[in-house]
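The values are calculated or read from the model by the stated rules, or taken from the named source; none is laboratory data. Only a predicted model underlies this, so the values are computations on that prediction, with no experimental measurement involved. Note: ideal-geometry Cβ built from the backbone for every residue, glycine included; neighbour counts use all protein chains shown. SASA here: full protein model, heavy atoms, side chains in, ligands and nucleic acids out. Shrake-Rupley method; radii C 1.70, N 1.55, O 1.52, S 1.80 Å.
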Amino acid sequence: MSALKAVTARRKIGITTQAAEISGRRLSAAAVARLAQYHERYLRGMKGGRRIVLKACDLGGLDLAGINLSDADLPACDFTDTIFRDANLARANLFGAFLNRTDLTNANLERADLRGAKFEGAILTNTNLKGADMRRGEVQGDEGRILFDPSCSFKDAALLKADMDTCKLTGADFQGARLDGVKLTGADLRDSSFDGANLSSVEMQGANLLDANLTRTAIDEATEGSANLMRSRRAGRPPKGDVLAEILLQHKLWIESDKVEGERADFSETDLTRFNLAGHFLPGADFTRAVMVETDLRETFLVGADMKEAILVDALLDGADLRGTDLRGAMTSGTLLQGTKQGALDDERIVTRL
């Protein structure tokens with residue numbers, strides 16, 4: 001078919017390649033709704049249709065629930081605090097977009113271009129992200145400098161039953177995120193970080209976790225059973241048997257000799273998941289950045305212990321003595337502290353710090 005005949009054929013069915021392009025402006029919900037009407041006609045191949053092209057525009061805080069922006073071009077746009085419940089953003093170009101604290105419940109972002117996008121504090125309940133591209137996305141300025149962190153970020157986001165199967169997530173940051181029932185089957189998670197994240201019943205069969213940072217991550221048995229964690233970075237293995245007995249003995253000597261003899265118990269950056277330390281004498285012990293998921297610490301003497309940035313998910317602490325214990329930055333999801341002894345040490349001003 002000649003070029004002229006091709007154009008004529010397109011005109012007959014009302015298809016147009018023209019776009020409604022806007023750059024660097026603040027838009028209202030009403031304006032976006034009008035643009036979406038033209039975009040809908042474009043998607044249906046109707047006369048007068050215009051594809052939405054918004055570059056670095058501000059749409060923050062708008063209520064865009066149920067809107068259809070599939071195949072739209074929305075690079076570097078700011079959607080902070082925007083409501084996208086039940087919205088259709090399939091195959092949309094959201095390269096470098098800001099979706100911080102955005103509500104994407106039941107939204108469809110299948111096969112969207114999300115390279116370098118930010119989802120910090122976002123709600124992604126039942127969100128369809130299947131096949132989306134969320135690798136690093138670098139944007140360079142006039143002098144060749146990278147303008148912002150190129151990694152896709154889910155810091156402190158709530159991903160509940162989100163579908164992220166086969167997603168490209170190389171270098172993604174899930175720091176402090178909650179992942180409950182998320183599907184990550186076949187996902188590329190190389191060099192991604194789950195520092196301080198909570199993974200519960202996550203499906204990770206066939207996922208590539210090469211060099212993924214899981215050194216300070218809460219991982220339940222269901223997730224661990226579905227994932228190949230052999231090539232990921234994990235917290236140190238816990239001491240057992242005679243090694244543990246020697247650590248406890250040396251720590252007791254260290255305390256009784258006023259730190260002259262023996263050695264302080266060091267469990268820092270150690271994976272103590274489902275480990276039993278109930279009833280042990282561990283005042284002043286080092287648990288910084290330790291992973292303690294379902295760890296049994298009932299009746300344990302932990303006066304003055306250092307637990308900064310530890311992961312205490314569903315840990316058992318009934319009757320534990322936490323006077324003077326430093327828990328700053330620790331994750332205590334599902335851990336009850338009400339049954340513990342807290343407050344100041346005898347004759348000292350150091351108190352339990354949370």
* To do: Just list whichever of K118/K183; K252/K341; K168/K308; K240/K341; K155/K341 have alpha carbons separated by over 24 Å in the model shown.
  => K168/K308; K240/K341; K155/K341
* With a point put 7 Å past each Cα toward its Cβ, work out how far K55 is from L336 in nm, to one decimal. => 5.9
* **Neighbour net charge for V291 - beta-carbon separation under 10 angstrom, K R +1, D E -1** => +1
* Stretchable slack from R237 to A278, in nm (0.36 nm times residue separation minus alpha-carbon distance) -> 12.9 nm
* Structure fact -> Share of accessible surface on carbon and sulfur in the stretch 42-140, whole %, 1.4 Å probe and ligands ignored, is 40
* **Excluding exposed DSSP-loop GluC sites (Glu not before Pro) (at most 12 other C-beta within 10 Å), longest clean stretch of the chain** => 1-142
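When you count, for each residue, the other Cβ atoms within 10 Å and take the mean per peptide, how do 322-332, 69-79 rank with the highest first?
Listed from highest to lowest mean packing, they are 69-79, 322-332.
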* Structure fact -> So the angle from the long Cα axis of helix 29-43 to the longest Cα principal axis of the chain, reported in degrees to the nearest 10, equals 60
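When ligands, DNA and RNA are left out and all protein chains stay put, how many square angstrom of accessible area per residue does the chain have with a 1.4 Å probe?
Per-residue accessible area for the chain comes out at 48 Å².
If R₀ is 56 angstrom, what is the calculated FRET efficiency for the pair K259 and K47, using the beta carbon separation as r and rounding to 0.05?
Approximately 0.10, to the nearest 0.05.
For D86 and E221, calculate 0.36 nm times their separation in residues minus their Cα-Cα distance, and state this gained length in nm to one decimal.
Full extension of this stretch gives 45.4 nm more.
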* Asked: Placing +1 at every Lys and Arg Cβ and -1 at every Asp and Glu Cβ, with all other atoms neutral, what dipole size does the chain have around its Cα centre, in debye to the nearest 20?
  -> 2720
* To do: Using DSSP, restrict attention to beta bridges with both residues in the chain and report what percent are antiparallel, rounded to the nearest 5.
  => 5
* Taking Cα atoms, how many degrees apart are the long axis of helix 241-256 and the longest axis of the chain, rounded to 10 and kept between 0 and 90? -> 70
* To do: Could you tell me how many degrees, from 0 to 90 and to the nearest 10, lie between the Cα long axis of helix 3-12 and the main elongation axis, the longest principal axis, of the Cα atoms of the chain?
  => 80
